[in-house]
There are 2 protein chains.
Amino acid sequence: MASKQSNGAKDGEFDLIKRLFAPFADASTAGDLQDDAARFTSPPAHDLVISTDALVSGVHFPDNAAPEMVAARLVGANVSDLAAQGAMPVGCVLTLCIGPDWDDDFLDAFAAAFKHCLARFDMPLWGGDTVRGAQSLVSLTVHGIVPQGEMLARAGARPDQDVYVTGTIGDGYLGLHHALNQTQGASLQAYAVPNPPIGFAQQMRQLCSAAIDVSDGLAGDLDHICTASSLAMRIEAARVPLSTEGVAVAEAGDLASLLTGGDDYQLVLCADTGRGDEMAAIAEKCGVRLTCIGRTVAAQKGAEMAEFYDAEGHLIDLPTRGYRHF
Amino acid sequence: MASKQSNGAKDGEFDLIKRLFAPFADASTAGDLQDDAARFTSPPAHDLVISTDALVSGVHFPDNAAPEMVAARLVGANVSDLAAQGAMPVGCVLTLCIGPDWDDDFLDAFAAAFKHCLARFDMPLWGGDTVRGAQSLVSLTVHGIVPQGEMLARAGARPDQDVYVTGTIGDGYLGLHHALNQTQGASLQAYAVPNPPIGFAQQMRQLCSAAIDVSDGLAGDLDHICTASSLAMRIEAARVPLSTEGVAVAEAGDLASLLTGGDDYQLVLCADTGRGDEMAAIAEKCGVRLTCIGRTVAAQKGAEMAEFYDAEGHLIDLPTRGYRHF
């Protein structure tokens, strides 16, 4: 249980938070992490978007993962949820459960990397809580804003829309295996440092009617839109964008793993036909690869899911729909 | 690492969240927990207050704690942070890390108790994340609102103000020992079901200049106000309100443990003399016990702390300042 410390000025949690995180906490909201709460003033006519994602050592990242990878994946996974809503990040709150394997050097490196990741997405740290436990865990609650009523959601897709995906698919899956097997490959970076297209996503709010981020596997995440929007999708597997590494894996016969592996943190978007040129122009400006991979179609009750077809028009039988950490 | 599941509709996390939490999630913000994010529209001219507190099994509550105690302490500890800012709860996000000791029956009971606790403080559930790990952990990020610029903080105290505390002090400490030793006593309830004076706190915003919740021990938490406000306090130990159980412990010679034990989740408030009558009237209306325990005084640099004096005017030497979980 809790232990007594002999001196308020020297007690562990406060010192640790002060040393690690206070130097880059957002003074205007977090007050130097001095109070137990932060204050944020939402701009008028905006909605606040809130999301949280926890990563457990040995479950959501290898238990020997470098601190830089833990920080980048924590921030990337959470920012990806904001991207899926078309939101602009405004601040976050960190819960850090320090297991016996994370020493001071690890924590210093984690804090430095975490600061770097937050700066990359222009997202200040508002506060947090630091505890010790048997297993390391990091959890972030992120906050974003969208103009009132404009939040993207899973439920907005309509039949006969185009289905788009950003980036390449399957590199999260491939990179995870590099990380686990300590092998090298271009996809390792995609796994270690997810790069959700957050700026691009904010410009899609008025062009698209539904979105989701690809975190659990493309097939399963497309299914989520189908279920929420009561429709199905017809996806042309050959149009799903793959990296060079992904193409090699697909040619070796394991396309299914790329379509159902998790951790891509790319974006799926549904938009009316006719929006394509405008979307492509914005994607190019943002340096985002954008690919139309299929269409939404009306669905019979109980058949709300994405179906993948090969180049010959045959339905591909996927053994799973997505990656689950549970 | 993550495991593949054979069916998107049957995969663990979604089913579990749907079964446990979706039934009482706030549909207007969380959309039935369907999206990975919630949406909240802050009323005009209000600030959002954000705080987070994590509880680890075996550290912040006994590892054999009943699910009702875990839920009540999680919600109580977090609402207490909002009370310290004078904020009105508006919504929260839950992270649940399920250790091997928490089975389905435990989780069902936890969810029911959690729902009950949220209802008690009129705080909807906006969303969350559920993961599995080696040790159970619960973390809540709570959100409240205050009229713009009116948030209470630790830093607002001025010399020659009165120092008040709500409720009784030391029952969290005494109740913890009942919980650990499986003994009975009136204080067990105070530990198991913290009851931060959240409604009263909101009415103190315009009457008080500084506040903190008593979570780490009265002495240590008073010190936090002293440090943040650059002053000291002169506290009359005999005026610190104790329960019947607390009085017995103090008479047996262990007042120090009550003054430095944690988990009370009461409120400390600093206010100008002359505010007392109005504060007392509101406290009575709210059913809150309110006691003036001393005064703020100017401090030499480096001596910003609360000093406790006995009835004869002698300084009490406290062996510790507060309870730390670290």
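The values are calculated or read from the model by the stated rules, or taken from the named source; none is laboratory data. None of these values were measured; they are calculated from a predicted model. Here the Cβ positions follow ideal geometry from the backbone for every residue, glycine too, while neighbour counts run over all protein chains shown.
In summary, helices (runs of 4 or more DSSP H) completely within the range A:224-326 and bearing 3 or more residues that are of a type in the set (Gly, Ala, Ser) occur at A:244-251, A:276-286.
Would you call residue A:322 under 23 Å from residue A:152 (Cβ atoms) and not assigned by TED's automatic domain parsing to the domain that holds residue A:208? Criteria met by residue A:322. Note on the range A:164-186: among residues that are over 16 Å from the mean Cα position of the chain (by Cα) and modelled with pLDDT of 95 or more, the one that is farthest from residue A:244 (Cα to Cα) is A:164.
For residue A:93, the test of being under 19 Å from residue A:203 (Cα atoms) and among the hydrophobic types (A, V, I, L, M, F, W, C) is failed. When the test is whether a residue is at pLDDT below 95 and of a type in the set (Val, Ile, Thr), residue A:296 does not pass it.
For the residues B:322, B:313, B:302, the requirement of being surrounded by fewer than 16 Cβ atoms within 10 Å (Cβ to Cβ) and closer than 30 Å to residue A:130 by Cβ singles out B:302. State whether one or more residues within the range B:52-70 are buried (at least 24 other Cβ atoms within 10 Å of the Cβ) and away from chain A (no Cβ under 12 Å). Yes - at least one qualifying residue is present in the range B:52-70. Taken over the range B:58-86, residues that are out of contact with any Leu (no Cβ under 8 Å at 6 or more places or on another chain) and not in a helix (DSSP H, G or I) amount to 7. Yes or no: residue B:212 in contact with a strand residue (DSSP E or B) (Cβ under 7 Å, 6 or more places away or on another chain), surrounded by 24 or more Cβ atoms within 10 Å (Cβ to Cβ) and farther than 24 Å from residue B:71 by Cα? No; evaluated as a whole, the condition is false for this residue.
Within the range A:180-204, the residues that satisfy the criterion of being surrounded by fewer than 24 Cβ atoms within 10 Å (Cβ to Cβ) and over 12 Å from residue A:267 (Cβ atoms) are A:180, A:181, A:182, A:183, A:184, A:185, A:186, A:188, A:189, A:192, A:193.
With A:261, A:294, A:276 as the choices, which residue is in contact with a helix residue (DSSP H, G or I) (Cβ under 6 Å, 6 or more places away or on another chain) and in contact (Cβ under 8 Å) with a residue 40 or more places away in the chain?
Testing whether each residue is in contact with a helix residue (DSSP H, G or I) (Cβ under 6 Å, 6 or more places away or on another chain) and in contact (Cβ under 8 Å) with a residue 40 or more places away in the chain leaves just A:261.
Among the residues of the range A:18-45, those identified as surrounded by fewer than 20 Cβ atoms within 10 Å (Cβ to Cβ), within 11 Å of chain B (Cβ to nearest Cβ) and either assigned to a helix (DSSP H, G or I) or at pLDDT 70 or above (or both) are A:32, A:41, A:43, A:44, A:45. Within the range A:204-217, residues that are among the basic types (Lys, Arg) have Cβ atoms under 8 Å from residues that are surrounded by fewer than 24 Cβ atoms within 10 Å (Cβ to Cβ) in these pairs: A:205/A:146; A:205/A:147; A:205/A:150, counting only partners at least 6 apart in sequence or on another chain. Cβ-Cβ contacts under 6 Å between residues 6 or more apart (or on different chains), taken from a first residue in the range B:136-158 that is under 15 Å from residue B:209 (Cα atoms) and more than 8 Å from chain A (Cβ to nearest Cβ) to a second residue that is in a helix (DSSP H, G or I) and modelled with pLDDT of 95 or more, are listed as B:157/B:225; B:157/B:229.
Given the structure, is residue B:273 surrounded by fewer than 22 Cβ atoms within 10 Å (Cβ to Cβ) and within 14 Å of chain A (Cβ to nearest Cβ)? No; evaluated as a whole, the condition is false for this residue. Which of (1) more than 24 Å from residue B:41 (Cβ to Cβ); (2) within 16 Å of the chain's Cα centre (by Cα); (3) surrounded by fewer than 24 Cβ atoms within 10 Å (Cβ to Cβ); (4) small (Gly, Ala, Ser) is the odd one out, the single condition residue A:153 does not satisfy? That leaves (1) as the condition not met. Considering the conditions (1) within 27 Å of residue B:63 (Cα to Cα); (2) of a type outside the set (Gly, Ala, Ser); (3) at pLDDT below 95, residue B:142 is excluded by exactly one of them, (3).
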